[in-house]
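Every number here is computed from the coordinates shown, using simple stated rules; none is lab data. This structure is a prediction, so every number in the text was calculated from the model and none was measured. Note that we place each Cβ from the backbone using ideal geometry, even for glycine, and neighbour counts take in every protein chain shown.
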Amino acid sequence: MTTHPSITSPDAEPHLERQLSNRHIQLIAIGGAIGTGLFMGSGKTISAAGPSVIFVYMIIGFMLFFVMRAMGELLLSNLHYKSFSDFAADLLGPWAGFFTGWTYWFCWVITGIADVIAIAAYSDVLWPGIPLWVPGLVTIGILLVLNLTTVKAFGETEFWFALIKIIAIAALIFVGLFMILSRFQSDFGTASFTNLWSHGGFFPNEFMGFVAGFQIAVFAFVGIELVGTTAAEAKDPEKNLPKAINSIPVRVLLFYVGALIILMSVIPWTQFEAGKSPFIAMFSLAGLGAAATIINLVVLTSAMSSANSGIYSTSRMVYGLAKEGDAPSRFGKLSRRKVPNNALFLSCVLLLSSIVLLYVGEDVSKAFEMVTTVSAVCFVFVWSIILASYLAFRRRRPELHESSKFKMPGGIPMVYVVFAFFAFVLWALTTQPDTLIALLVTPIWFIALAVVWYLVGKTPSHRARYAKFKEDLDSERVATQVAPGPERSAGK
């Protein structure tokens, strides 16, 4: 039987430790659901789709909930899985683990670059004239220091980052609701729920305007699967992972739909612009100048939180890839604090490319849109691999599915519904010139991966590592079936 990841003997090779508590997992899940796209990108989404953006966020949240449930069932079927790249490699083959792990790493590097760009843009608002490279470099340095300590330190930092975002959205909903109920008057008219349908109806830009809303909105949900990369470092995963995943619908309704309804009720949707945060606009309208400045800081915190999550998840993914022979072995080493330092340095070095992008072109928001589209396409690939792994799981391990206490609702038919939705999203990205360019560029990444896989995937050393990986998984599976333990009944 293999050693459990959370238990090591003094002479054993160090493993990732289960230091993330329930409150860490819950807030990491919430922080992943509230991305930079909500604070920075919702202006463009609202201006494109109008009030129908409410349905855009509801549909995306609904579909991704099933992806998360599939991921949860698979992760809990074998606690030796460190992340979803592990079950992809186990159920679909070594190529799937390689493509999923490296694509997820690439996703978060790109997302981290977008976050650093956002931080630089909002720093310029708070401190006009500051060189753009300064906040970018300072951000990367801070995140590296935070992640070099322990995973518990990361969890604690992300806990407070997420809490700040929650408080900001709750404050917006409270202030906006007060403005609506008091019939607040401004140059835009009276704050009222009627603003949702009195400016051209819920679909003012018709169907294509509704379609355009999906382009940026998908990026707002990037990171929702982050709870899956914490599996190897979560305390009591059979209890904490299901709780975090099951709360996704409530988070979407409150933080996305609730906030957007309030925003468009106070200020008609026609007044929102791409590149400008609706949150700042509403607090400024309320005469809360200090609050508007605070929201600027919250947007910075949100971007910092997302980048922090990105550095964490990319380092763990590269660590897992290295342990399976899909990355250089030096990235599979842990520090004395059980942190993959080499993998962390790799991610931070690549984030430095964001500073170059800040000086390429004339508009920072254009750079943000380009990288977010590439990121969204790659995340759709990762989410699709999770669903494909679920289909293979149902076909190859029916007995584990039957014994699961956390089954995916809707089962196999729902998988195909979500696949159809992803096809719709990819089509939506072809309807606008800026997103079409990013969509056409993205396949270059997969071509490069295919070339690397062709070179290393069939080498004897790689086959040996994969055989050892499968042996460890099978040992864990047998041990679980023979001696399930009282905790296996948790996570209903």
Checklist entry - So which GluC sites (Glu not before Pro) in region 391-477 are both in a DSSP loop and have at most 13 other Cβ atoms within 10 Å of their Cβ? => result none
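Taking the inverse of the average 1/r across all pairs of different Cα atoms in region 85-180, what Kirkwood radius in Å do you get? Please report the intermediate quantities before stating the final value.
Numbers: mean 1/r = 0.0598 Å⁻¹.
Evaluated over region 85-180, this radius sits at 16.7 Å.
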Item to check | Computed log₁₀ I(q)/I(0) - Debye formula, equal Cα scatterers, no solvent, region 163-264, q 0.12, 0.22, 0.23, 0.24 Å⁻¹ | outcome: -0.59, -1.25, -1.29, -1.32
Checklist outcome for this item: Classified through the alpha carbon gyration tensor (a ≥ b ≥ c as square roots of its eigenvalues; rounded if a/c is under 1.5, else prolate when a/b is larger than b/c, else oblate), region 307-454 comes out oblate
Next on the checklist: Sorting check: for 237-243, 220-226, which peptide has the highest mean count of neighbouring beta carbons within 10 Å, and how do the rest follow?
Outcome noted: 220-226, 237-243
Next on the checklist: I want to check the label-to-label distance for residue 412 and residue 395. Put each point 7 Å from Cα in the C-beta direction and report it in nm to one decimal.
Outcome noted: 0.9
